[in-house]
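What follows is calculated from the coordinates using simple rules that are stated; it is not laboratory data. The model shown is predicted, which means the values in this text are computed figures rather than measured ones. Virtual Cβ from ideal backbone geometry, glycine too; neighbours counted across all protein chains shown.
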Number of protein chains: 4
Amino acid sequence: MRIAIVGATGYGGAELIRLLNHHPEVEIVSLHSSSQQGTPYTESYPHLQEIIYNKLEEINPEEMAKNVDLVFLATPSGISSKLSPELVAQGLKVIDLSGDLRIKKLEDYEFWYKKCAAPKETIDAAVYGLPEWNKAEIKKATLIANPGCYPTSVELGLAPLVQKELIVEDSIIVDAKSAVSGAGRSLSAISHYTEMNDNFKIYKVNQHQHIPEIEQTLKGWNGNIGPITFSTHLVPMTRGIMSTIYVKAKNKMTIDQLHELYNEAYENKPFVRVRPKGVFPSTKEVYGSNYCDIGLAYDERTGRIMIVSVIDNLVKGAAGQAIQNLNIMMGLDEKTGLNFVPVYP
Amino acid sequence: MRIAIVGATGYGGAELIRLLNHHPEVEIVSLHSSSQQGTPYTESYPHLQEIIYNKLEEINPEEMAKNVDLVFLATPSGISSKLSPELVAQGLKVIDLSGDLRIKKLEDYEFWYKKCAAPKETIDAAVYGLPEWNKAEIKKATLIANPGCYPTSVELGLAPLVQKELIVEDSIIVDAKSAVSGAGRSLSAISHYTEMNDNFKIYKVNQHQHIPEIEQTLKGWNGNIGPITFSTHLVPMTRGIMSTIYVKAKNKMTIDQLHELYNEAYENKPFVRVRPKGVFPSTKEVYGSNYCDIGLAYDERTGRIMIVSVIDNLVKGAAGQAIQNLNIMMGLDEKTGLNFVPVYP
Amino acid sequence: MRIAIVGATGYGGAELIRLLNHHPEVEIVSLHSSSQQGTPYTESYPHLQEIIYNKLEEINPEEMAKNVDLVFLATPSGISSKLSPELVAQGLKVIDLSGDLRIKKLEDYEFWYKKCAAPKETIDAAVYGLPEWNKAEIKKATLIANPGCYPTSVELGLAPLVQKELIVEDSIIVDAKSAVSGAGRSLSAISHYTEMNDNFKIYKVNQHQHIPEIEQTLKGWNGNIGPITFSTHLVPMTRGIMSTIYVKAKNKMTIDQLHELYNEAYENKPFVRVRPKGVFPSTKEVYGSNYCDIGLAYDERTGRIMIVSVIDNLVKGAAGQAIQNLNIMMGLDEKTGLNFVPVYP
Amino acid sequence: MRIAIVGATGYGGAELIRLLNHHPEVEIVSLHSSSQQGTPYTESYPHLQEIIYNKLEEINPEEMAKNVDLVFLATPSGISSKLSPELVAQGLKVIDLSGDLRIKKLEDYEFWYKKCAAPKETIDAAVYGLPEWNKAEIKKATLIANPGCYPTSVELGLAPLVQKELIVEDSIIVDAKSAVSGAGRSLSAISHYTEMNDNFKIYKVNQHQHIPEIEQTLKGWNGNIGPITFSTHLVPMTRGIMSTIYVKAKNKMTIDQLHELYNEAYENKPFVRVRPKGVFPSTKEVYGSNYCDIGLAYDERTGRIMIVSVIDNLVKGAAGQAIQNLNIMMGLDEKTGLNFVPVYP
């Protein structure tokens, strides 16, 4: 499989390169960017000296169609909505890591993203690439909307309970914490070192654009799920997301029933690891890997279930999941080239 | 006022020294520890060279009574329960920074702390030192149970809503995040640098000993408050706590009403700063100071109120609040010696 | 003393405000900036809510002369060279925290700073504000060139040996490490959180503009001092500089002689703390304070002396030293308002 | 190749497992520890859930010889000196990651390590495993003394200049900076999170046990090399070493000559990357990989050469280099299983 990466200078693009370098069936043919064209990629990322020799190229769908089979879009929101249709029109497969193709209701996209939505037929054609729960559709897809980082952790964390309709529908509260790489490589006050080091921040209160994505997925599983509360915080670290999720059980449960439910749901899903009873994951335990680790608690005092879900936002939350989708689209084992052991410590 | 500090080698003790060094009415007479007696304090804390010349001394209530008026206990739990009665018997005033004297029901203390409780008469005599809401009692006290770090942030964050009975009683969920200094200076795997750096952890799930303290205070304001959900996380930073608090409003509110309520409640309370509408504090904005900063949100989609409350766990969450209590006990302005500007960045 | 701060939105300006808030003899009258005029200062620095009520004002020397006695310039290089002469012409005293007035040879300034130098008479009038070794001149000055952060640590570290001509003149190697706040509040790739966290960098190799400043001061003490090797690194932390300095002793020394030399040299200089034999300072041990801490070693195997010198780059390396200079200019005790205990941990 | 790891609970052991998991020719048969025997390895390292199923086993050379061909010793100093002879006596190949077998002069080992040396015949048989400069010997070895982390960075940094006798022999000064994982997983005050975060420390001044190792290697290349100055600092980060090395050139050089020298020396050595002129590596650019990256400068003002050498202390400084040695011993390409792209950011 010959591939190109658009938006290669961002962290999502760099992570695709790191991971694909181990993939036995994929060749990185070209790297594209809207700026710095003609400069060696290693000027942007010197850690790839003697590994990547490409220069950055312009974004020309027609030319790309001559050389590659599939394009990863690792672009900011607002790019893919225009570019994806052009690439698809050239017969290319596309995996879009941005949020542009995830929201099925155009007006919802425009409300939360404050941008024009992609054409309706593009949105309709895009398959939501959450492999654990959407494998059959992904297999047949030519256009993938790769899930957001936060939504991946939340949806994998809630799926078994929501699908089985075990929780009070309007009781979902997600307190999510992300590493700073989630804010991207573009300079910004919030990710200036001196402002963020030794600091802990809350941001985009009640306004995060991942809210409609999560609600859409949950409602796809259970139409009665009410609006969720979803808060996002920044942690002074480079990689990792933890979503601490609080829900009310419809009926009394035991912690054993809860574990049984999750163990069964994720039995044959190699990238979700349910932790043993009483054990909870920390973000570093998935660092650099494609795992989503889940810990579970049931508080008899309050009748509340707590789910703790951690991922590496750049891997399972972006580039790793994109490659998992590529594997499924290609008919490969979904683990191909993705057997990274977490980098610990 | 002549004072002694017991447990001076821990972070609470060191912070008392930093703050008291600026206090115009207090003289640090002696520093006490259960170990290292006779060694200069600066061997433990070289940053105090040419500032503190004391040697560590043994803990002898009778001797202490000869030299000082008030004793700060900055000891681990299980010490003050035995030592406080002896110090009080010697006529000394005591401010206890540990959790030993905070829980009024002895069996609750013993259940959550897994330790023997202090004598009932000591517990009864101890005044809970949350100055913003307990000033009159503190003024008359000789024995203060200084609030815990998490409880300080949560109780100040919830007080106006709970006192006015504006929230659904069993709807309180607190997602709290603490810096690592909260785990103390004793070596432990959880606070080993390499395990904690670039990492985010959840710990003591549904088992934190601050749960009964918070519930006791809230129930003191509104007897119907149900059991709370309270989760604690460790952030890779040195100082700071953020409590993100979710509650259900009993009736519809506007964000303006919410701000009015808090602004009124904290109008004459110099260490609580209510942020303007749409602005939320980060932990660094109170670093090294005695402030508790509060941000507020109301989500019309869910009817949930969110309160964000931040403190420096070693100052307003420990040593600073202890000095604020001392000021009130002495009849001084509560701000005396506590006008530290946050160290930012 | 009524003062104004120009360049108030940078970290140097914010630190002046933090420190001056404790100063009994200084009133902050106005804050000036080349942008954001008319906006409340707390929009830039919300941690100062209820502490600072000023709005940012334009930079108008004539107006300033009506309201204040002294102006702090906490501006990037290239501003003070033009502004200082205008302020002085209005009869104002000026303490310049930038590098514009430090280098006596105009061509050296222009070579290293790549900017036009200030007028010769302004440079001539400026007194280098290193209080430990230049107090008499500072007392009479109206225009102070406040030393750079790195130079402060290096010059205090080397003064006793250089002044007594005890080292081989061309043997000085300084390996300096700085926290990221030294790079300022302006956004830049080098201080983007994700690039700097968990990382250690070397920068401006053989090109740092502090080289001529250090050499000028050392040559002022001993004209034979040869060119120095001076390397600068960035440490993933907020505040602090450590300079590890290697020199060759002209003649054999003992470690005791070395300590005696330094203890004597800094006996009555309250902000320099010489550590006991075998003890070396870490940067956190001066965090938030005006101290420069010095550790000493003599290696008999190589005949080399090593001096370890640490400061808080924003205090002794900038705002604190500026206030120390102000105290001396005003005839106050140099410690006035500067008795901050290091914030540890 | 069937292997065992002794000292598996330390960071060196855990890193061997991470890396070997990708190795096509190696099977991890057993993990050994002096404590916790019988407990699943994932209790020590939960990030390996569903990857490693081994339990910790006792250290029994006879038993090990029945099941494996080669043993990695990732033990603290003082263990291998006793254990290596026993393992070798059983016919096992051994790669020792500790410092026990590196120093050829027994009295030097005992002076610097303050421990009893290994038997002379074991020391004599041990081959120093610096593959870039010792490949022929490693090929024939059965017992490898894997180089220390600091020495690896320093020796690779200095080799071309020392081997060609281009520098003044007694002019070597190494200012080395290490991440905290170098201090191991055992709890200690120096690596307590709150003491180390936002801090920068110097330690073991003139006493580091890597001094004799570096001098021995350099003298092996040029017998006249004098004693070196070698200082070690701790950086608040998890992985990485930067050695900033200062030497005096015997004769004038140009920066071009310097680059030519290094490019030639490392032309066919896949894990050493010489950076282009004017570019210097940061530690993160080798994070998680087996690279040693080198930057070069020549200062015409002082006639000094500066070499900047960075590695990941747990990979090229420990586990990765050990596997590189294993590859060479087995007759495999030295890159086998080691093609990790640095994890950036």
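Out of segment A:169-267, which GluC sites (Glu not before Pro) are coil in DSSP terms and have no more than 13 other C-beta atoms within 10 Å? Before the final figure, lay out each step's value.
Details: sites: A:169, A:195, A:213, A:215, A:260, A:264, A:267; in loops: A:169, A:267.
Taking segment A:169-267 and a limit of 13 other Cβ atoms within 10 Å, the loop GluC sites (Glu not before Pro) found are A:267.
Identify, among A:225, A:283, A:197, the residue whose Cα sits farthest towards the positive end of the charge dipole of segment A:195-319, taking +1 on the Cβ of Lys and Arg and -1 on the Cβ of Asp and Glu, with the dipole about the Cα centre.
Looking along the dipole axis, the top candidate is A:225.
As an exercise, identify the trypsin sites (Lys or Arg not before Pro) in segment C:264-345 lying in DSSP coil whose Cβ has no more than 15 other Cβ atoms within 10 Å.
Details: sites: C:273, C:277, C:284, C:301, C:304, C:316, C:335; in loops: C:277, C:301, C:335.
Counting only loop positions with at most 15 other Cβ atoms within 10 Å, the trypsin sites (Lys or Arg not before Pro) in segment C:264-345 are C:277, C:301, C:335.
Just in segment A:231-271: which trypsin sites (Lys or Arg not before Pro) are loop by DSSP and have at most 16 other Cβ atoms within 10 Å?
Values: sites: A:239, A:248, A:250, A:252; in loops: A:239, A:250, A:252.
Taking segment A:231-271 and a limit of 16 other Cβ atoms within 10 Å, the loop trypsin sites (Lys or Arg not before Pro) found are A:250, A:252.
What's the average, rounded to a whole number, of partner chain beta-carbon atoms within 10 Å of each residue's beta-carbon in B:238-245? Please report the intermediate quantities before stating the final value.
Values: counts 14, 7, 3, 1, 5, 0, 8, 0.
Per-residue shielding by partner chains comes out at 5.
If you find the alpha carbon centre of segment A:259-301 and of segment B:301-340, how far apart are they in angstrom?
Here the two parts' Cα centres lie 38 Å apart.
Sorted from shortest, what are the nm distances separating the label point of residue D:37 from equivalent points in the other copies, each placed 7 Å from Cα along Cα to C-beta?
4.2, 6.7, 8.0
Along Cα→Cβ at 7 Å, what distances in nm separate the residue D:251 label point from those on the other copies, shortest first?
Taking the point 7 Å beyond Cα along Cα→Cβ, the inter-copy spacings are 3.8, 9.1, 9.4 nm.
Taking the Cα atoms only, what angle lies between the long axis of helix B:11-20 and the longest principal axis of chain B, rounded to 10 degrees?
Helix B:11-20 and the main axis of chain B meet at about 80 degrees.
For segment D:26-80 and segment A:66-138, compute the distance between their C-alpha centroids and round to whole Å.
Centre-to-centre distance over Cα atoms comes out at 47 Å.
Could you point to the residue in A:79, A:53, A:91 farthest towards the positive end of segment A:51-95's charge dipole, with +1 and -1 charges on the Cβ of Lys/Arg and Asp/Glu respectively?
A:79
For residue A:226, place a label point 7 Å from Cα along the Cα-to-Cβ direction in every copy; what are the distances to the other copies, in nm, shortest first?
Spacings between copies for this position, smallest first, are 1.3, 7.9, 8.0 nm.
Which far-off residues, 5 or more places away or on another chain, put their amide H under 5 Å from the one on residue D:59, with H placed in the peptide plane?
D:33
For segment C:150-313, calculate the relative contact order in percent as a whole number, restricting contacts to Cα pairs under 8 Å that are 6 or more residues apart. Kindly include the intermediate steps, with their values, before the conclusion.
Values: 322 pairs, mean separation 50.0, N = 164.
30 percent.
May I ask for the angle, rounded to the nearest 10°, between helix D:320-330 and the longest principal axis of chain D, with both axes built from Cα atoms and the value confined to 0 to 90°?
Roughly 70 degrees, rounded to the nearest 10.
Nothing charged except the Cβ atoms of Lys and Arg (+1) and of Asp and Glu (-1): what's the magnitude of the dipole of segment C:98-204 about its Cα centre? Round to the nearest 20 debye. If you can, show how the numbers build up before the last one.
Details: 14 positive and 15 negative charges, 70 e Å.
Dipole of segment C:98-204, to the nearest 20 debye: 340 debye.
With 31 Å as the limit, write out which pairs from B:277/B:316; B:114/B:335; A:269/B:248; A:204/B:105; D:93/D:284; A:316/D:66 have Cα-Cα distances beyond it, or answer none. Walk me through the intermediate numbers first.
Values: B:277/B:316 23 Å; B:114/B:335 36 Å; A:269/B:248 36 Å; A:204/B:105 41 Å; D:93/D:284 33 Å; A:316/D:66 41 Å.
Violating the 31 Å Cα-Cα cut-off are B:114/B:335; A:269/B:248; A:204/B:105; D:93/D:284; A:316/D:66.
Highest first, please rank the peptides C:305-312, C:55-62, D:41-48 by the mean number of other Cβ atoms sitting within 10 Å of their residues. Intermediate values should be presented prior to the final figure.
Details: C:305-312: 27.1, C:55-62: 16.1, D:41-48: 20.1.
Most protected by this proxy first, the peptides run C:305-312, D:41-48, C:55-62.
Quick one: order C:328, C:241 by neighbouring beta-carbon count within 10 Å, fewest to most.
On the way: C:328 23, C:241 28.
Fewest-to-most Cβ neighbours within 10 Å comes out as C:328, C:241.
Compute, for the protein assembly as shown, the length of the dipole vector about the Cα centre, with Cβ point charges of +1 (Lys, Arg) and -1 (Asp, Glu) only. Units Debye, rounded to 20.
On the way: 136 positive and 160 negative charges, 0 e Å.
About 0 debye.
Quick one: work out the % antiparallel among DSSP beta bridges in segment D:2-125, nearest 5. Intermediate values should be presented prior to the final figure.
Details: 1 of 16 bridges.
Roughly 5 percent of the beta bridges in segment D:2-125 run antiparallel, per DSSP.
Treating cross-link reach as a plain straight distance, find the aspartates and glutamates whose alpha-carbon is under 12 Å from the alpha-carbon of residue C:177, omitting any fewer than eight places away in the same chain.
Leaving aside aspartates and glutamates fewer than 8 places away in the same chain, those within reach of residue C:177 are C:312, D:175.
Any idea what the relative contact order of chain C is, in percent, if you count C-alpha pairs under 8 Å spaced at least 6 apart? Provide the component values of the computation, followed by the final result.
Working: 732 pairs, mean separation 59.8, N = 345.
17 percent.
Nearest 5 is fine: what % of DSSP beta bridges in chain C come out antiparallel, could you say? Show your work: numbers first, answer last.
Details: 27 of 56 bridges.
Expressed as a percentage, antiparallel bridges in chain C total about 50.
Under the definition of partner shielding as Cβ atoms of other protein chains within 10 Å of a residue Cβ, what is the mean value for peptide D:162-171?
Whole-number average of other-chain Cβ neighbours for D:162-171 is 1.
For chain D, what is the calculated [θ] at 222 nm in deg cm²/dmol (nearest 500), taking -39500 (n - 2.57) for each run of four or more DSSP H residues and dividing by its residue count?
Helices in chain D give a 222 nm mean residue ellipticity of -9000 deg cm²/dmol.
Which aspartates and glutamates, if any, have their Cα less than 12 Å from the Cα of residue C:104, not counting same-chain residues under 8 positions apart?
C:121, C:124, C:213, C:215
Where both residues lie in the protein assembly as shown, what percent of DSSP beta bridges are antiparallel, nearest 5?
50
In percent, what relative contact order does segment B:128-230 have, based on Cα pairs under 8 Å that are 6 or more apart in sequence? Intermediate values should be presented prior to the final figure.
On the way: 72 pairs, mean separation 36.5, N = 103.
Dividing the mean separation by the residue count of segment B:128-230 yields 35 percent.
Using a 10 Å cut-off on Cβ to Cβ distances, tally the other chain neighbours for every residue of D:12-22 and report the average as a whole number. Mind dumping the intermediate values first?
Working: counts 0, 0, 3, 4, 0, 2, 7, 1, 1, 3, 4.
Counting other chains' Cβ atoms within 10 Å and averaging over D:12-22 gives 2.
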